[in-house]
1. If I stretch the segment between residue 20 and residue 39 completely, what's the gain in nm (0.36 nm per residue apart, minus their alpha carbon distance), one decimal?
2. How would you classify segment 29-72 from its alpha-carbon gyration tensor, with a ≥ b ≥ c the square roots of the eigenvalues: rounded for a/c under 1.5, else prolate if a/b is greater than b/c, otherwise oblate?
3. When DSSP beta bridges are limited to those with both residues in segment 120-191, what percentage is antiparallel, rounded to the nearest 5?
4. At 7 Å along the Cα-to-beta-carbon direction for both residue 77 and residue 186, put a label point, then send me their distance in nm to one decimal.
5. Work out the FRET efficiency for residue 178 and residue 132 from their Cβ-Cβ distance, taking R0 = 45 Å, and round it to the nearest 0.05.
6. In deg cm²/dmol and to the nearest 500, what is the mean residue ellipticity at 222 nm of the chain if only DSSP H runs of at least 4 residues count, each as -39500 (n - 2.57), divided by the residue total?
7. Sequence gap of 8 or more, or different chains, plus Cα separation below 22 Å: how many lysine pairs satisfy both in segment 117-191?
8. Sort 169-181, 22-34 by the packing proxy (mean of other Cβ within 10 Å over each peptide's residues), most packed first.
Amino acid sequence: MTSGSTQMAGTEFTNSNLDVLYSAEQIAARIAELGAQLTSDYAGKDLVLVGVLKGSCIFLADIMRVIDLPLTIDFMSVSSYKDGTSSSGDVEILKDLSNPIRDKHVVIVEDIVDTGLTLTRLIEILGSRGAASIKIATFLDKPEPRIKKELVVDYTGFVIPNKFVVGYGLDAAGRYRNLPFIAVVKDPSVA
Ligand code: 5GP
C-alpha cells in the first residue's frame, strides 16, 4: 500500500472492507415504489421536500425524480454525530431552510434514522413554523438503537440491522458517500 492510501484491496467501489447490503438495482427498485406512494399521497398538495444535509443528498436527488408532482426542495444542515459512529445526543442547526414552510406539506428527507434524536429535534423546530403537515421519509431505518420510540417514520426505504453502514450518501468520516450501494464497513478501524 502506498503511503497515505486508505484503501484495501480493490477499487473504492470494490473495496474488500465493504459488505454490500443493498445494491444499486435494489435501491432503485425501492425508490420507485416510494416515489409512487408519495405521488399518490401528495397529489394536489403544496409539497416541499426538506433534505437533511449531507447524507440525504443522493436519496433526495433520486426520490424527487420519481415523485410525479409539482414540488419544491429546501435543505437543512444539522450536526448530531461529529465524525464518529455514536450519537452525541444534541442537535445543532448549521444551515437553516432558505424559504418559509407556512401552509406547506413538508416531507423531511433523511438518510437514516438511528436513535431518532435528530429527527425528533427537527420536527420540534419545523413544527413551530406553521407547516400544514410534516412527515418523514428516511432511506434507512435502524430501529434497534432508537431512543425516541415515539418517533413516527412515515416512509422508509429499508429497515436495517444495528450496524454502521456507508454509501448512497452516508459516510464514515467523510468517505464513501459516493458509493452507489449501501454497505457495512467490515473493519471500521481501516479508514
Ligand atoms: P439519529 O439522531 O437518528 O441517531 O442519527 C441520525 C444521523 O446519524 C444520520 O443522519 C446519520 O448522519 C448518522 N448515522 C446514524 N447511523 C448511521 C450509520 O449507520 N452510518 C452512517 N454513515 N451514519 C449514521
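1. Working: separation 19, 0.36 × 19 = 6.84 nm, distance 2.94 nm.
Additional length available on full extension: 3.9 nm.
2. oblate
3. Details: 4 of 8 bridges.
The answer is about 50 percent antiparallel.
4. The answer from the label model is 3.4 nm.
5. Numbers: r = 35 Å, r/R0 = 0.79.
Computed FRET efficiency for residue 178 and residue 132: 0.80.
6. Numbers: 3 runs with 37 residues, N = 191.
The helix-only estimate for the chain comes to -6000 deg cm²/dmol at 222 nm.
7. Working: 135/148; 135/149; 142/163; 142/186; 148/163; 149/163; 163/186.
Qualifying lysine pairs in segment 117-191: 7.
8. Working: 169-181: 17.0, 22-34: 15.2.
Put in order of decreasing packing, that is 169-181, 22-34.
A short reminder: the numbers here are calculations on the coordinates, not readings from a lab. Nothing here was measured: the structure is a model prediction, and the numbers come from that model. Cβ sites come from the backbone with ideal geometry, for glycine too, and all protein chains shown count toward neighbours.
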